[in-house]
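Here the structure is laid out as structure tokens; the discussion comes afterwards.
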Protein chains: 2
Amino acid sequence: MSAPRIVEVRKNVLKHNDEIARALRRRFEQSRVFVVSLVSSPGSGKTAFLEKTLTLLKQANHRPAAVVGDLATDNDAARLARSQAPVKQITTGTLCHLEAAMVESAIEEWSMADLDFLFIENVGNLVCPSSYDLGENLRVVLLSVTEGEDKPLKYPTIFNTADLAILTKIDLADAVEFDRAAAHANIQSVRPGIPMMELSAKTGMGMDAWMNWLLSQRK
Amino acid sequence: MSAPRIVEVRKNVLKHNDEIARALRRRFEQSRVFVVSLVSSPGSGKTAFLEKTLTLLKQANHRPAAVVGDLATDNDAARLARSQAPVKQITTGTLCHLEAAMVESAIEEWSMADLDFLFIENVGNLVCPSSYDLGENLRVVLLSVTEGEDKPLKYPTIFNTADLAILTKIDLADAVEFDRAAAHANIQSVRPGIPMMELSAKTGMGMDAWMNWLLSQRK
């Protein structure tokens, strides 16, 4: 059985990743760039939410940028670029998560002094991204109301490594008979005390509360 | 850099997995058990679809069983057991896919002679499950209309290793402004010629066509 060997190799990769992440975090701090990473299933609305966030930040004269990971295509970078913020696509091939080194090379050509906020949209995956520190200040996990209230219980690690949980596509809550109380209880049971928000990037509902919270986090 | 080492270790794991999968496939064939695996994002409706499928098969006097994988909880097994079919939960811990050896030990106590159909519901993930043969006859990829039409382009491997693509939650198509033509075109572009179905486990729409197709596959 090769399983123990894999664990050992993975530990080395993680250690290497953590070193790069630590260096990134120092760099972000020095330049006062506030860094937020987004994790979720495929299709829970990370890109729509991020496009709206970048647009609102630009309108309020902040200086955001975004790095976005996908296995293939640069569709998301093209969508996000409509916000006028600088955007870089990382294509990971068959890898189901971003690593700190990928972020490091994606932002190579940018001067951190020109930015207030950096968003890192991870590959859509509720498993792999949870173990990789990307040097972010905050990790935000998104869960759309269409995915089912049980997901936090089934993918506990991605929820208990997050700093904020956002319920997305809240405009569809009635159509899918979303059980708000169950979703809240399930998230709180795997990550007690985590702050939570509900919003819809499509209708704009809840975006104000998110923007206020985000701006309050960057001291 | 430890990347090449990881690839090598992974190749060995895959080879070992393929040997077990091959043995499973032989065993299923000998007992005339038709085996279908289900892959998709978290929350695209695999369990609801499978519960409906098991129930309809039981009603028509077929003998189905199911094995279901999740990182944590046995919620899905409990839901599927309502169909009266034999069900086993596999909890994978932090592993983002099922492997053939897990299926092998999950079905250990069952006699294959008592079954016509075996369903294997993989962990909700559009990346990791694609490389693992589980000895199935058919791999079915599910995509819910709420996830966005672009997912086949962004996760090509899981689509081009599948034998059938099912668009789920079709009752929500209007609410999410689902672009049917784009979804079909995107799936066909990564896996030309793959048969496709649209259905809703909630309303039952399309379930008849799926059942007829499934029964026709088991000669």
* Residue match in the range B:191-200 (condition: within 15 Å of the chain's Cα centre (by Cα), buried (at least 16 other Cβ atoms within 10 Å of the Cβ) and within 14 Å of chain A (Cβ to nearest Cβ)) -> no
* Exactly one of (1) at the interface with another protein chain (Cβ under 10 Å from one of its Cβ atoms); (2) open to solvent by 10 Å² or more (accessible area, probe 1.4 Å) is unmet by B:Ala60. Its number? -> (1)
* Structure fact -> Of the residues in the range B:157-166 that are out of contact with any Pro (no Cβ under 7 Å at 6 or more places or on another chain) and surrounded by fewer than 21 Cβ atoms within 10 Å (Cβ to Cβ), the one that is nearest to the other protein chains (Cβ to nearest Cβ) is B:Thr157
* To do: Being within 14 Å of chain A (Cβ to nearest Cβ), without any contact (Cβ under 8 Å) to a residue 40 or more places away in the chain and within 16 Å of B:Ala106 (Cβ to Cβ) narrows it down to one of B:Leu95, B:Leu71, so name that one.
  => B:Leu95
* Asked: In this structure, is A:Thr94 touching a Leu at 6+ places or on another chain (Cβ under 9 Å) and closer than 28 Å to B:Tyr155 by Cβ?
  -> yes
* Asked: Are any residues in the range A:167-189 more than 10 Å from chain B (Cβ to nearest Cβ) and surrounded by fewer than 17 Cβ atoms within 10 Å (Cβ to Cβ), and if so, which ones?
  -> A:Asp179, A:Arg180, A:Ala181, A:Ala182, A:His184, A:Ala185, A:Gln188, A:Ser189
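Residue under question is A:Arg25, and the condition is that it be at pLDDT 95 or above and open to solvent by 50 Å² or more (accessible area, probe 1.4 Å); does it hold? Even if it seems obvious, please write down each step before you answer.
Numbers: at pLDDT 95 or above: yes; open to solvent by 50 Å² or more (accessible area, probe 1.4 Å): yes.
Answer is yes for this residue.
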* **Any hit, the range A:79-86, residues being free of Cβ contacts under 8 Å to residues at least 60 places away in the same chain, within 13 Å of another protein chain (Cβ to nearest Cβ) and of a type in the set (A, V, I, L, M)** => no
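Looking at the range A:181-189, is at least one residue in contact (Cβ under 8 Å) with a residue 24 or more places away in the chain and in contact with a Pro (Cβ under 6 Å, 6 or more places away or on another chain)? Let's see the steps before the verdict.
Quick first cut of the range A:181-189, residues in contact (Cβ under 8 Å) with a residue 24 or more places away in the chain only: A:182-183, A:186-187, A:189.
With in contact with a Pro (Cβ under 6 Å, 6 or more places away or on another chain) added as a condition, the list becomes A:186-187.
Yes; the residues of the range A:181-189 include at least one that is in contact (Cβ under 8 Å) with a residue 24 or more places away in the chain and in contact with a Pro (Cβ under 6 Å, 6 or more places away or on another chain).
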* Asked: If we scan the range A:25-40, do we find a residue that is closer than 26 Å to B:Leu153 by Cα and within 13 Å of chain B (Cβ to nearest Cβ)?
  -> yes
* Structure fact -> Counting only residues that are more than 9 Å from chain A (Cβ to nearest Cβ), open to solvent by less than 10 Å² (accessible area, probe 1.4 Å) and either under 25 Å from B:Ala181 (Cα atoms) or charged (D, E, K, R) (or both), the range B:111-144 contains a total of 4
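The values are calculated or read from the model by the stated rules, or taken from the named source; none is laboratory data. None of the values given here were measured: they were computed from a predicted structure. Counting neighbours? That spans all protein chains shown, and the Cβs are built from the backbone with ideal geometry, glycine included. Protein only, heavy atoms only, side chains kept; ligands, DNA and RNA dropped before computing areas. Shrake-Rupley method; radii C 1.70, N 1.55, O 1.52, S 1.80 Å.
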